[in-house]
1. Quick one: what pairs do we get from the range 226-252, first residue in contact (Cβ under 8 Å) with a residue 24 or more places away in the chain, second open to solvent by 40 Å² or more (accessible area, probe 1.4 Å) and of a type in the set (Lys, Arg), C-beta under 6 Å, 6+ apart or different chains?
2. Just to be sure before I move on: is residue 80 within 32 Å of the chain's Cα centre (by Cα) and crowded, with 17+ Cβ neighbours inside 10 Å in the structure I sent?
3. Answer yes or no: is there a residue in the range 195-216 that is acidic (Asp, Glu), under 25 Å from residue 268 (Cβ atoms), surrounded by fewer than 14 Cβ atoms within 10 Å (Cβ to Cβ) and free of Cβ contacts under 8 Å to residues at least 60 places away in the same chain.
4. Which fully enclosed helices (runs of 4 or more DSSP H) of the range 143-238 have 3 or more residues being among the basic types (Lys, Arg) and more than 19 Å from residue 278 (Cβ to Cβ)?
5. Would you kindly identify the helices (runs of 4 or more DSSP H) lying entirely within the range 245-347 that contain at least 1 residues that are modelled with pLDDT under 80?
6. So, in the range 136-181, exactly how many residues are aromatic (Phe, Trp, Tyr) and crowded, with 21+ Cβ neighbours inside 10 Å?
7. So in the range 350-375, with the set limited to residues that are free of Cβ contacts under 8 Å to residues at least 40 places away in the same chain and of a type in the set (Lys, Arg), which one is least open to solvent (accessible area, probe 1.4 Å)?
8. Go through the range 47-77 and give me each residue that's hydroxyl-bearing (Ser, Thr, Tyr) and outside any helix (DSSP H, G or I).
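The values are calculated or read from the model by the stated rules, or taken from the named source; none is laboratory data. The model shown is predicted, which means the values in this text are computed figures rather than measured ones. FYI the Cβ positions are ideal-geometry reconstructions off the backbone, even for glycines, and counts take in every protein chain you see. Each accessible area value is taken on the protein alone, full model and side chains, heavy atoms only, with ligands, DNA and RNA left out. Shrake-Rupley method; radii C 1.70, N 1.55, O 1.52, S 1.80 Å.
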Amino acid sequence: MNRARRPPLSRPLASVFDRAVDCLRAALHPDTSRHYRGTVRKFLTYLGTAHPQVHSLDQIRRDPHILGWMSSLRSQVPPLVTASCINLLIHLRYIFHELAWTEQLPELAHLIRREDVPRRPSRLPRPLTAQQDQLLQQEFLRRNDLGGNAFLLIRHTGMRIGECVDLSCSCLHSTGPHQWAIHVPLGKLQTERMVPVDSFVCTLIHRLRFFRSLDPLPADGLLFARPGTKDALVRQLRDYLHQVCHSLGLSTGLVPHQLRHSYASEMARSGVGLPAVMKLLGHTSPDMTMRYIQVVLSDLRREFDRARSKPRHLVPQPKAPIASQLRAGLDGVMDALLSAQHVLEMFRRALPNGASRSCLVRLSNRLTKILAEARKLATS
């Protein structure tokens with residue numbers, strides 16, 4: 001369904017701001033361009049309400065116009081989420097930079113400063129728990145339908161759901177003897193990649209091709225038939241996951257992207273290096289991938305604390321023989337030498353690095369040589 005188009009703004013500055021967005025639009029995604037226009041609408045609506053006397057660009061000041069708008073954003077009810085506030089400020093900042101150049105008003109470039117933009121909240125990925133992951137995969141396998149195979153494919157390749165529904169029927173490629181990879185088309189970050197897969201994923205692709213062959217819609221080269229738009233197909237798959245979670249008694253708040261998070265965390269836990277995980281996920285920045293590594297570090301911390309509370313792998317300390325258990329004759333002499341070496345070693349470990357510790361190392365080496373000679377004497 002097409003969204004109702006809102007009427008154009010009748011503000012005095014609307015046309016000049018629209019021209020700035022048109023100049024920026026060539027390098028923007030259509031959705032981003034729409035967000036820029038939404039930012040302009042919000043700012044000019046505020047300006048017309050709070051400062052109706054402003055009719056030209058050279059009248060706009062940081063205080064009170066820009067600071068007042070930022071204050072109004074923070075006081076919205078319900079409150080504006082940090083990510084939305086960041087986007088609005090960044091978009092308007094870029095627009096002012098464009099206007100500063102095209103309108104020859106350099107002061108516009110300094111109305112919104114870098115420090116005005118709040119930092120994005122640090123959000124760790126949300127992989128499925130081990131129980132959720134197991135239950136969902138078992139249910140997908142049991143159902144063996146279009147949705148189940150689609151989500152198994154997402155879980156075992158780390159694709160975004162939008163990338164998955166864009167796959168072509170010929171997405172599976174042979175890269176060598178018994179080696180396969182899936183070509184993931186341009187996605188969210190306008191990148192494409194090849195993801196190595198195993199025989200299980202190859203089976204999923206063959207199964208999805210079979211479902212596509214049964215669909216009455218004409219062949220269009222895509223692995224998933226689209227009865228309507230791409231967005232409609234994505235919503236259909238999201239609804240499917242919601243129904244599966246409900247039937248299993250799991251949280252219906254689980255989203256498809258958590259399957260991608262589970263795949264990435266699994267790769268990191270398995271020892272796959274950061275550059276390789278970055279390529280598998282189609283990230284353009286290592287910072288994006290490092291969020292998954294942070295999940296692994298939290299796992300390591302949990303295992304470390306567990307090991308400290310219940311140590312199972314401590315290095316065994318050497319035990320000295322009890323004096324009453326010393327054997328007679330030459331064997332007893334070797335037992336006494338071993339006991340002396342043990343006491344010396346325990347004392348040496350407690351000392352800091354220095355001359356005394358080095359002296360004890362030399363004494364221990366001499367005892368080792370004496371013990372070797374004693375053993376030769378005992379066997380001669």
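1. These pairs meet every condition: 233/226.
2. Working: within 32 Å of the chain's Cα centre (by Cα): yes; crowded, with 17+ Cβ neighbours inside 10 Å: no.
The answer is no for residue 80.
3. Applying the first criterion (acidic (Asp, Glu)) to the range 195-216 yields 198, 215.
Filter once more, keeping what is under 25 Å from residue 268 (Cβ atoms): 198.
Adding the requirement that they be surrounded by fewer than 14 Cβ atoms within 10 Å (Cβ to Cβ) leaves 198.
The next check asks that each one be free of Cβ contacts under 8 Å to residues at least 60 places away in the same chain; those that pass are 198.
Checked the range 195-216: at least one residue is acidic (Asp, Glu), under 25 Å from residue 268 (Cβ atoms), surrounded by fewer than 14 Cβ atoms within 10 Å (Cβ to Cβ) and free of Cβ contacts under 8 Å to residues at least 60 places away in the same chain.
4. 199-214
5. Details: elements: 257-269, 274-281, 286-309.
Where helices (runs of 4 or more DSSP H) fall fully within the range 245-347 and carry at least 1 residues being modelled with pLDDT under 80, they are 286-309.
6. To start, the set of residues in the range 136-181 that are aromatic (Phe, Trp, Tyr) comprises 140, 151, 180.
This time we only want the ones that are crowded, with 21+ Cβ neighbours inside 10 Å, so: 140, 151.
So the count comes out to 2.
7. Going residue by residue through the range 350-375, those that are free of Cβ contacts under 8 Å to residues at least 40 places away in the same chain are 350-373.
Now narrow it down to the ones that are of a type in the set (Lys, Arg): 357, 362, 366, 369.
Values: 357: 57, 362: 128, 366: 146, 369: 143 Å².
Ranking the qualifying residues of the range 350-375, first place goes to 357.
8. Here is the first cut: in the range 47-77, the ones hydroxyl-bearing (Ser, Thr, Tyr) are 49, 56, 71-72, 75.
Within the range 47-77, 56, 75 meet the criteria.
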